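Engineer: Have a look at the structure that comes next, please.
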Amino acid sequence: MKENFFVTTPIYYTNGIPHIGHAYSSLIADSIARYQKINWKKVKFSTWVDENSQKALDKATELGMEIIPYLDNMAKEHKKVWDWLKIEYTDFIRTTEPRHHKLVREVLQKSFDNGDIYEGEYEWMYCVGCESFKKDEDLVFRNKTSWETFPVSDKVKISENIEKICPDHLTVPQTLKEKNYFFRLSRYEQILKDFYAKNPNFVMPQDRFNEVIAFVNRWLEDFSISRETNKFGIKLPFDESQVTYVWYDALFNYVTVCKYSPHPNPVTLQLQDSRVNTPSFTCLPKVEGIEQEFHNQMDFWPADLHVVWKDIIRFHAIYWPAMLISAWYELPKNILTTGYFTVDWQKISKSLWNAIDPVEFSAKYSKDLLTLYILSSFNIGQDWDFDQKQAILTYNAKLANNFWNLLNRAIVLTLKLELDKWLSSKVDKYIANNIKKYFSVYDEAFSKYDLKASLDSTFRFLDSINNFVTTKEPWVLMKDEARKDEVEAIMYTICESVRLVALNLYPFFPEKMEQIFNSLNLVWYKELLEKWNFQALRNKKETFFIKEKAPILFEKFELE
Ligand code: MSP
């Protein structure tokens, strides 16, 4: 029996189409999902869109569109990006789907019945860009004339010339005074502390986890889970005059995809949905026939891994476990937190024209270049700047030179041997030791979702085999008929190393690696990998029958 593995990306806001920042989390989740799949796991991988947000509503209004057609269109646009990048998700979710409304209303009712949700009236500052409530300490002052910003402090008083803004979005938060429902997070303080102590790797990397723990140790405040003034979203089951706060709804997407299967065609779902004609954007109506299609995949819950960036770690590592416990669900096993990245050292933003489109970029340079650069150049968790020149140099060096040259040599030189049998021998001792050394690092790193370290160890092994080829000079030895066996052993070591490197790189570059298996005449490898097991294939004694030269798989790119 295969074990289950469930990985998620954040669901993305639909006020724009995904840029490379979003592609970063999807590519991480995709590589992890593919790795788990070839390690004999049954994989569930969910993604897609967070729709009940003020941002999307504002954007639709700005474009003069009705919200539902706007969301339908954006959902399609998002899906196109992930399909184009060949992200192999198994589940996609729109938070306007009936199944999600159903789930959210169920969990809200449970928490309400538990006494974890209560009514209050508060005055809030709310940043639409962040879709979150703000306190003074989350904001900065800005001088309206000089545009200079500085920390909020008692010494400076708000005056005509000074305003408080969100440091990320550089906008003045809305001030709201409304009736809200609150989630009793304070009740979960000790429970969370105990859970963190028992699960020391719950949040990765460790420094992010330390921040979460420090935050919980300071004190936990109840938070608002509803909005009175918003009209678009999921109505509270116990007070239909209020809609659910977007984060409370969004987080539960991870459970919805396990509990309820989607409508057969969620992209066009909205067109059949009577909300299209509902001018007040009220909550979801009952859709005939949907109920029967719901079925249970709860065997995938709890999630093995949520991939998120550091900006939303508090929602995932503090609010989310408490919300789950309150609704009687188990807690996810791990949260992998990525750093923040910029383009030209600026926050990625449509208005700054620095939002790199992952589709356009991959169409120009290949998806492999994008994947290699963003997964091998930076530790997950680290902040970094996207440098196109560096991306090209990395790809040229690692794939177009080091790997392609090795593969090409393996094939061309083996062809020169003019063998009329399968190439079979023993792997050179020094290389066999390197395989052990570097591959145990690869496996250990992957088990901690350290993709950079897995890639690094594979490329280090690749360097060692390239050195081996240069030192052994099989092209010289070949001229001496008496050394035929020795040459065959060298060529066997080289072909075997190419095979092993391709296995290691398969979760990152599946299509190219499949072509490499084909060039080595290992034509069933893709199927074998998915049905069988990566480790078993690694240890399999393989023989090679090379028939023809390989097409160029990794073309070099010129720097512009
Ligand atoms: N909708 C929420 C997530 C809800 S999950 C229950 C959200 N959406 S988002 O569209 O703003 O961002 C989603 C994710 O995209 C982030 O969590 C992050 O993983 C990724 N990134 C978006 N911009 C990014 C960078 N500039 N850098 C790194 N990751 C980025 O938050």
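The values are calculated or read from the model by the stated rules, or taken from the named source; none is laboratory data. Note that the structure is predicted; figures quoted are calculated from it, not measured. Neighbour counts run over all protein chains shown; Cβ positions are idealised from the backbone, glycine included. Areas reflect the complete protein model, heavy atoms only, side chains present, ligands, DNA and RNA absent. Shrake-Rupley method; radii C 1.70, N 1.55, O 1.52, S 1.80 Å.
Engineer: Could you identify the single residue in 81, 43, 7, 49 that is in a helix (DSSP H, G or I) and either within 20 Å of residue 355 (Cβ to Cβ) or in contact (Cβ under 8 Å) with a residue 40 or more places away in the chain (or both)? Walk me through it before giving the result.
Structural biologist: Numbers: 43 fails: in a helix (DSSP H, G or I); 7 fails: in a helix (DSSP H, G or I); 49 fails: in a helix (DSSP H, G or I).
Result: 81 is the single residue among 81, 43, 7, 49 that is in a helix (DSSP H, G or I) and either within 20 Å of residue 355 (Cβ to Cβ) or in contact (Cβ under 8 Å) with a residue 40 or more places away in the chain (or both).
Engineer: Between residues in region 446-457 that are in a helix (DSSP H, G or I) and residues that are open to solvent by 30 Å² or more (accessible area, probe 1.4 Å), which pairs lie under 6 Å by C-beta distance while being six or more apart or on different chains?
Structural biologist: 452/379; 457/438; 457/441
Engineer: Then there is this: Considering 411, 431, 494, 435, which residue is open to solvent by 10 Å² or more (accessible area, probe 1.4 Å), touching a residue at least 60 places away in the same chain (Cβ under 8 Å) and β-branched (Val, Ile, Thr)? Before you say what the answer is, go through the steps one by one.
Structural biologist: Numbers: 411 fails: open to solvent by 10 Å² or more (accessible area, probe 1.4 Å); 431 fails: open to solvent by 10 Å² or more (accessible area, probe 1.4 Å); 494 fails: open to solvent by 10 Å² or more (accessible area, probe 1.4 Å).
The conditions single out 435.
Engineer: Looking at region 468-484, which of the residues that are without any contact (Cβ under 8 Å) to a residue 24 or more places away in the chain and of a type outside the set (Lys, Arg) is most open to solvent (accessible area, probe 1.4 Å)?
Structural biologist: Here the answer is 481.
Engineer: Being away from the ligand (no atom under 14 Å from the Cβ) and assigned to a loop (DSSP other than H, G, I, E, B) is the filter; apply it to region 325-368 and report the residue that is modelled with the lowest pLDDT.
Structural biologist: Only one residue tops the list, namely 353.
Engineer: Take the conditions open to solvent by less than 60 Å² (accessible area, probe 1.4 Å), under 30 Å from residue 99 (Cα atoms) and touching a Leu at 6+ places or on another chain (Cβ under 8 Å) and apply them to residue 232. Does it pass? Step through it out loud before you land on a result.
Structural biologist: Working: open to solvent by less than 60 Å² (accessible area, probe 1.4 Å): yes; under 30 Å from residue 99 (Cα atoms): yes; touching a Leu at 6+ places or on another chain (Cβ under 8 Å): yes.
Yes; evaluated as a whole, the condition is true for this residue.
Engineer: Moving on to the next point. Does at least one position in region 272-292 carry a residue that is within 16 Å of the ligand (Cβ to nearest atom) and either under 18 Å from residue 75 (Cβ atoms) or at pLDDT 95 or above (or both)?
Structural biologist: No, region 272-292 contains no residue that is within 16 Å of the ligand (Cβ to nearest atom) and either under 18 Å from residue 75 (Cβ atoms) or at pLDDT 95 or above (or both).
Engineer: When region 3-28 is examined, which residues are found to be open to solvent by less than 30 Å² (accessible area, probe 1.4 Å), under 17 Å from residue 301 (Cα atoms) and more than 9 Å from the ligand (Cβ to nearest atom)?
Structural biologist: Passing the criteria: 5, 6, 7.
Engineer: Shifting gears a bit: So, in region 214-232, exactly how many residues are within 16 Å of the ligand (Cβ to nearest atom) and modelled with pLDDT of 90 or more?
Structural biologist: 2
Engineer: Okay, next question. Looking at region 107-131 only, could you name the residues that are part of a strand (DSSP E or B) and open to solvent by less than 20 Å² (accessible area, probe 1.4 Å)? Steps first, answer last, please.
Structural biologist: Within region 107-131, the subset part of a strand (DSSP E or B) is 117-127.
Result: 117, 120, 126, 127.
Engineer: Somewhere in region 205-220, is a residue closer than 30 Å to residue 142 by Cβ, aromatic (Phe, Trp, Tyr) and part of a loop (DSSP other than H, G, I, E, B)?
Structural biologist: yes
Engineer: Determine whether residue 539 is closer than 21 Å to residue 460 by Cβ and buried (at least 23 other Cβ atoms within 10 Å of the Cβ). So that I can check it myself, show each step before the final result.
Structural biologist: Details: closer than 21 Å to residue 460 by Cβ: yes; buried (at least 23 other Cβ atoms within 10 Å of the Cβ): no.
In short, no.
Engineer: Can I ask one more? Take the residues in region 29-46 that are in contact with a strand residue (DSSP E or B) (Cβ under 6 Å, 6 or more places away or on another chain) and open to solvent by less than 20 Å² (accessible area, probe 1.4 Å), then tell me which one is farthest from the ligand (Cβ to nearest atom). Don't jump to the end; show me each part of the working.
Structural biologist: Taking region 29-46 first, the residues in contact with a strand residue (DSSP E or B) (Cβ under 6 Å, 6 or more places away or on another chain) are 29, 32-33, 36-37, 41-46.
From the residues that got through so far, the ones that are open to solvent by less than 20 Å² (accessible area, probe 1.4 Å) too are 29, 32-33, 36, 44-46.
Working: 29: 10, 32: 14, 33: 16, 36: 19, 44: 16, 45: 15, 46: 10 Å.
Out of the qualifying residues, it is 36.
Engineer: Given the condition over 24 Å from the mean Cα position of the chain (by Cα) and among the aliphatic types (A, V, I, L, M), answer yes or no: does some residue in region 256-266 qualify?
Structural biologist: no
Engineer: In addition: Would you check if residue 322 is within 16 Å of the ligand (Cβ to nearest atom) and either open to solvent by less than 10 Å² (accessible area, probe 1.4 Å) or not hydroxyl-bearing (Ser, Thr, Tyr) (or both)?
Structural biologist: Here the answer is yes, as residue 322 does meet what is asked.
Engineer: Taking the criterion of being modelled with pLDDT of 95 or more, within 29 Å of the chain's Cα centre (by Cα), in the same structural domain as residue 430 (by TED's automatic domain parsing) and closer than 22 Å to residue 27 by Cα, would at least one residue in region 459-472 satisfy it?
Structural biologist: Within region 459-472, one or more residues are modelled with pLDDT of 95 or more, within 29 Å of the chain's Cα centre (by Cα), in the same structural domain as residue 430 (by TED's automatic domain parsing) and closer than 22 Å to residue 27 by Cα.
Engineer: Return yes or no: is residue 491 more than 30 Å from residue 388 (Cα to Cα) and aliphatic (A, V, I, L, M)? Don't jump to the end; show me each part of the working.
Structural biologist: Numbers: more than 30 Å from residue 388 (Cα to Cα): yes; aliphatic (A, V, I, L, M): yes.
When the stated conditions are applied, residue 491 passes them.
Engineer: Could you tell me whether residue 88 is of a type in the set (D, E, K, R) and open to solvent by 10 Å² or more (accessible area, probe 1.4 Å)? Break it down into steps so the answer makes sense when it comes.
Structural biologist: On the way: of a type in the set (D, E, K, R): yes; open to solvent by 10 Å² or more (accessible area, probe 1.4 Å): yes.
When the stated conditions are applied, residue 88 passes them.
Engineer: Please enumerate the residues belonging to region 97-106 that are in contact with a Pro (Cβ under 7 Å, 6 or more places away or on another chain) and open to solvent by less than 10 Å² (accessible area, probe 1.4 Å).
Structural biologist: Of the residues in region 97-106, the ones in contact with a Pro (Cβ under 7 Å, 6 or more places away or on another chain) are 97, 99, 105.
If the condition is that a residue be in contact with a Pro (Cβ under 7 Å, 6 or more places away or on another chain) and open to solvent by less than 10 Å² (accessible area, probe 1.4 Å), then 97, 99 are the ones that fit.
Engineer: Anything in region 518-536 that is part of a loop (DSSP other than H, G, I, E, B), open to solvent by less than 50 Å² (accessible area, probe 1.4 Å) and under 21 Å from residue 406 (Cα atoms)? List them, or say none.
Structural biologist: At the first step, the residues of region 518-536 found to be part of a loop (DSSP other than H, G, I, E, B) are 520-524, 532-533.
Imposing the further condition that a residue be open to solvent by less than 50 Å² (accessible area, probe 1.4 Å) reduces the set to 520-522, 533.
If the condition is that a residue be part of a loop (DSSP other than H, G, I, E, B), open to solvent by less than 50 Å² (accessible area, probe 1.4 Å) and under 21 Å from residue 406 (Cα atoms), then 520, 521, 522 are the ones that fit.
Engineer: Now for a separate question. Being of a type in the set (A, V, I, L, M, F, W, C) and closer than 25 Å to residue 386 by Cβ, is that true of even one residue in region 51-70? Break it down into steps so the answer makes sense when it comes.
Structural biologist: First, pick out the residues of region 51-70 that are of a type in the set (A, V, I, L, M, F, W, C): 56-57, 60, 63, 65, 67-68.
If we keep only those that are closer than 25 Å to residue 386 by Cβ too, we end up with none.
Scanning region 51-70, I find no residue that is of a type in the set (A, V, I, L, M, F, W, C) and closer than 25 Å to residue 386 by Cβ, so the answer is no.
Engineer: How about region 393-408: which of its residues are among the hydrophobic types (A, V, I, L, M, F, W, C) and surrounded by fewer than 18 Cβ atoms within 10 Å (Cβ to Cβ)? Explain how you work it out, then say what you get.
Structural biologist: Going residue by residue through region 393-408, those that are among the hydrophobic types (A, V, I, L, M, F, W, C) are 393, 397, 399-400, 403-404, 406-407.
Scanning region 393-408 gives 393, 397.
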